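To keep things clear, I will list the structure first and then write my remarks on it.
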Amino acid sequence: MNSSSAGQRINELRKLLNEHNYKYYVLSQPSISDFEYDMLLNELIDLETAHPEFYDPDSPSQRVGDDRNQEFEQVKHVYPMLSLGNTYSKEELTDFFNRISKGITEKVEYVCELKYDGASISLTYDKGKLTQAITRGDGESGDNVINNIRTIRSIPLRLAGTDYPDRFIMRGEVFLPRSGFEKMNAEREEMDEMPFANPRNAASGTLKIQNSSLVARRPLDCFLYSMLGEDLPHETHFENLQKAREWGFKIPGYIKKCHSTGEVFEFIDHWENKRKNLPFDIDGVVIKINSYRQQHILGYTAKSPRWAIAYKYKAEQALTRLISIDYQVGRTGAITPVANLEPVKLAGTQVRRASLHNADQIEILDIRINDLVYIEKGGEIIPKVVGVDKSKRDVSSQPVRYIEKCPACHTRLIKNKGEAKHYCPNEEGCPPQIKGKLEHYVSRRAMDIGLAGATIGQLYNHGLLKDVADFYELKKEDLINLERFAEKSADNLVRSIEKSLNVPFDRVLYALGIRYVGETVAKKLAAHFQNIENLMNASFEELTGVEEIGDKIAESIQDYFKNDNHKQLISRLRFAGVNLKMKKEQTKAVLQNLKNKTFVISGVFEDFSRDELKNLIGRHGGKNVSSISSRTDYVVAGTNMGPSKLKKAQELGIQIIDEKEFLKLIEYKRKE
Ligand code: IVH
């Protein structure tokens with residue numbers, strides 16, 4: 001394709017993808033399948049790669065962020081970012097209404113909105129283009145986190161329509177929907193990283209990450225709640241927000257124009273009950289006066305506007321007694337302390353157990369047996385203990401002594417530096433770990449073998465299952481004599497196990513339960529290494545050369561395959577016919593023009609992020625490694641390449657190429 005027709009197609013694809021982004025992320029009404037979307041995006045990425053002359057930071061392909069370390073620029077807010085006066089009581093809210101009617105005698109319209117619980121952001125648009133995204137900071141100035149904000153797909157980089165002011169500001173709240181928060185925390189726990197306490201901390205923490213490609217992986221979203229500027233389309237807040245929706249902003253539908261204070265109270269009561277069902281957290285309702293003229297008359301105190309107030313809901317908490325602490329052993333040996341509580345009602349359900357997270361948390365909160373503890377529903381799954389009423393504490397109470405030995409197999413626990421949890425290292429002989437691994441193996445997203453946890457326990461107790469390869473040695477005759485099994489259920493199980501032989505390699509890899517190898521990592525590894533032998537033989541550098549695989553994961557994979565028991569297990573699985581390689585049709589068609597060439601990427605690049613370069617290398621059949629050795633073919637050097645790396649590459653006589661030469665290498669090979 002020549003440059004001009006490529007340019008034309010690139011423009012078409014960008015327009016199309018922007019429209020689909022809007023439908024998916026803003027309206028939540030996708031009109032094409034994910035597959036079709038990915039095909040369009042891949043086409044765009046391929047064209048942009050082949051034609052770097054059309055690079056545009058606002059392209060929908062650029063929402064993946066950039067892994068160059070960035071310092072945030074401090075920017076002064078044109079309009080200071082004030083806070084809101086807030087109240088938890090209806091009486092005080094009535095006082096607020098009374099103050100307003102003293103200041104304004106004419107009719108007042110109120111706008112009620114939800115108070116989204118995230119981090120506030122101020123977006124500047126110049127001629128319809130996002131040019132700045134500033135955090136609240138101290139209210140006077142904040143950090144320009146535009147590169148992170150660009151990764152949020154519901155935020156328009158270019159506006160739709162033409163009737164927007166030349167320059168204006170949209171303010172809103174960046175937040176994590178509950179589902180995204182839970183998924184992210186589950187991944188963090190899997191990686192032994194401290195989970196975020198709540199979606200708000202997670203959102204504001206994420207905005208401050210100095211590597212936008214990491215931000216891009218977090219499912220942030222953004223609701224806009226105010227417009228500021230000189231020539232706004234309307235003289236009223238509500239109407240301007242409706243207009244902003246037409247320009248492509250995500251203006252939540254949970255907003256109401258009220259003509260009386262009674263309607264405001266109704267809105268508050270309605271959402272107090274219904275907020276549990278929202279897909280994101282709120283901590284109250286914000287009430288604003290609609291007319292800018294009236295807002296102006298009322299003005300501001302030093303800290304906040306007199307024309308708005310936040311009515312905050314009380315966090316759903318309950319106070320109950322801590323009876324005892326259980327210690328659960330997970331499939332990887334991680335220990336989780338769980339509180340047994342005197343049953344108490346919280347947000348509509350009876351709660352008997354709550355998470356205590358880990359030893360540090362117990363120590364920080366100074367939680368003791370018999371204490372009255374506050375429990376709270378956060379992400380709504382399992383409640384957590386958030387505090388202690390020490391005033392009612394028994395004088396003779398003692399701090400909790402965290403267990404030192406595994407409650408199941410009595411092996412001494414270990415705690416690695418920098419990790420939050422204790423571990424039982426007895427992987428081969430600790431019953432809950434073995435059962436946990438078996439349960440993980442059969443789970444729906446892994447091998448999808450229809451088998452309940454209790455039945456696994458039964459088979460384990462009868463000595464029929466000790467590891468996951470034993471599934472393939474189970475016979476109908478073994479099962480039929482067991483309690484709970486009849487002819488039909490035994491048949492079903494055997495058939496379900498047989499069917500698991502068709503499960504694709506990436507899910508098998510996930511099913512093995514290697515520490516830190518979750519679904520996403522398993523997919524990346526399977527696509528890169530194609531089969532288990534390649535993975536087992538991969539060097540540390542090859543492993544860390546794969547996108548998203550860091551030192552910790554690489555180390556864990558190598559440890560796993562070093563273990564003779566695991567090697568044997570793999571042999572037995574292979575013998576049983578389990579899929580240990582990618583099927584032909586799953587293999588991504590890769591260009592093979594960098595085949596067998598090994599690359600090290602170093603420094604900072606102009607047009608590509610490091611991840612993008614790695615991706616390009618992978619897609620052309622090359623290998624990425626993280627450190628230079630005599631087997632390295634090329635070092636792709638950007639600016640700021642470390643002097644020791646440079647010296648090593650020169651000493652070993654390795655070809656050092658820059659970004660442009662690298663692109664030529666692909667181009668050149670492509671023409672070959
Ligand atoms: S309006 C002049 N509307 O609450 C203040 N704020 O202290 C204008 N927030 O961190 C703020 N939802 O980010 C407004 N619907 C909403 C909001 C909202 C959440 C946050 C805001 C700020 C805090 C106000």
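At a glance:
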quantity: Exposure of M191 as accessible area (Å², to 10), given a probe of 1.4 Å and all protein chains; calculated: 40
quantity: Of all accessible heavy-atom area on the chain, the percent that carbon and sulfur account for (1.4 Å); calculated: 49
quantity: Given charges at Cβ of Lys, Arg, Asp, Glu: the chain dipole, positive-most of C222, I497, I364; calculated: I497
quantity: Å² per residue, accessible surface of the range 516-622 at 1.4 Å; calculated: 48
quantity: Estimated FRET transfer efficiency when R0 is 25 angstrom, pair L319-N273 (beta carbons, to 0.05); calculated: 0.70
quantity: Dipole magnitude of the chain about its Cα centre (Cβ charges: Lys, Arg +1; Asp, Glu -1), debye to nearest 20; calculated: 760
quantity: Exceeding the 20 Å Cα-Cα cut-off - candidates K208/K417; K256/K312; K562/K595; K15/K250; K115/K274; calculated: K208/K417; K562/K595
quantity: Residues of type aspartates and glutamates that K243 reaches as a straight line, Cα spacing below 14 Å, ignoring anything fewer than 8 places off in the same chain; calculated: D163, D231, E235
quantity: Length gained when the stretch D126-R353 is fully extended (0.36 nm per residue, less Cα-Cα span); calculated: 76.5 nm
quantity: Separation in nanometres of the label points that stand 7 Å from Cα toward Cβ, at Q558 and I209; calculated: 2.5
quantity: Gap separating the Cα centres of the range 490-517 and the range 269-326, nearest whole Å; calculated: 47
quantity: Sites R245 and E477, calculated FRET efficiency, Cβ-Cβ separation with R0 56 Å, nearest 0.05; calculated: 0.25
quantity: Gyration tensor verdict on the range 393-456 (Cα atoms; rounded if a/c is under 1.5, prolate if a/b is larger than b/c, oblate otherwise); calculated: prolate
quantity: Relative contact order of the chain, defined on C-alpha pairs under 8 angstrom at six or more residues apart (%); calculated: 10
quantity: Estimated dipole of the range 225-287 in Debye, rounded to 20 [Cβ of Lys and Arg +1, of Asp and Glu -1, Cα centre]; calculated: 320
quantity: Three-way shape call for the chain based on the alpha-carbon gyration tensor, with the a/c threshold at 1.5; calculated: oblate
quantity: Ranking by accessible area, most exposed first, for E542, E91 with a 1.4 Å probe; calculated: E91, E542
quantity: Dipole magnitude of the range 159-199 about its Cα centre (Cβ charges: Lys, Arg +1; Asp, Glu -1), debye to nearest 20; calculated: 260
quantity: Low-density loop positions, GluC sites (Glu not before Pro), the range 356-440 - DSSP coil, at most 10 other Cβ in 10 Å; calculated: E404
quantity: Exceeding the 25 Å Cα-Cα cut-off - candidates K257/K345; K475/K499; K437/K581; K597/K647; calculated: K257/K345
quantity: Filtered trypsin sites (Lys or Arg not before Pro), the range 310-403: DSSP coil and at most 15 other beta carbons within 10 Å; calculated: K314, R393, R401
quantity: Heavy-atom SASA rank of M194, M641, M447 (probe 1.4 Å, accessible area, largest first); calculated: M194, M641, M447
quantity: Accessible area (Å², per residue) of the range 389-457, counting only protein heavy atoms and a probe of 1.4 Å; calculated: 56
quantity: Candidate lysines for bridging to K102, where Cα separation is under 20 Å - those fewer than 8 sequence places away on the same chain excluded; calculated: K90, K288
quantity: Under the Karplus curve 6.51 cos²θ - 1.76 cosθ + 1.60, θ = phi - 60°, whole-Hz ³J(HN,Hα) for the range 615-620, x wherever Gly or Pro sits; calculated: 4, 4, 4, x, 5, 9
quantity: Other-chain or far-sequence residues with amide H under 5 Å of Q328's (modelled H); calculated: T336, V338
quantity: Accessible solvent surface per residue of the range 244-293, calculated while the other protein chains remain in place, 1.4 angstrom probe, Å²; calculated: 41
quantity: Residues K102 and D38, FRET efficiency given R0 of 56 Å [Cβ-Cβ distance, rounded to 0.05]; calculated: 0.45
quantity: Relative contact order, percent, the range 475-567 [alpha-carbon distance under 8 Å, six or more residues apart]; calculated: 20
quantity: Cut-off under 5 Å, modelled amide H: who pairs with D283 long-range; calculated: K115, D117
quantity: Calculated [θ] (222 nm, deg cm²/dmol) that DSSP helices of n ≥ 4 give over the chain, each run adding -39,500 (n - 2.57); calculated: -11000 deg cm²/dmol
quantity: Relative contact order for the range 223-327, counting Cα pairs under 8 Å that sit 6 or more residues apart, in percent; calculated: 22
quantity: Three-way shape label, the range 131-206, alpha-carbon gyration tensor, a/c 1.5; calculated: prolate
quantity: Net length gained if the chain between K390 and A452 were fully extended (0.36 nm per residue, minus Cα distance); calculated: 18.1 nm
quantity: Trypsin sites (Lys or Arg not before Pro) restricted to the range 466-529 and DSSP loop, no more than 14 other C-beta within 10 Å; calculated: K466, K475, R484
quantity: List W247, W271, ordered by accessible area with a 1.4 Å probe, largest first; calculated: W271, W247
quantity: Isolated Cys residues of the chain, judged by Cβ distance under 4.7 Å to other cysteines; calculated: C112, C222, C258
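The values are calculated or read from the model by the stated rules, or taken from the named source; none is laboratory data. Note that this is a predicted model, so its numbers are computed, not measured. Reconstructed Cβ throughout: ideal geometry from the backbone, glycine too, with neighbour counts over all protein chains shown. The accessibility values were calculated without ligands, DNA or RNA, using every heavy atom of the protein model including side chains. Shrake-Rupley method; radii C 1.70, N 1.55, O 1.52, S 1.80 Å.
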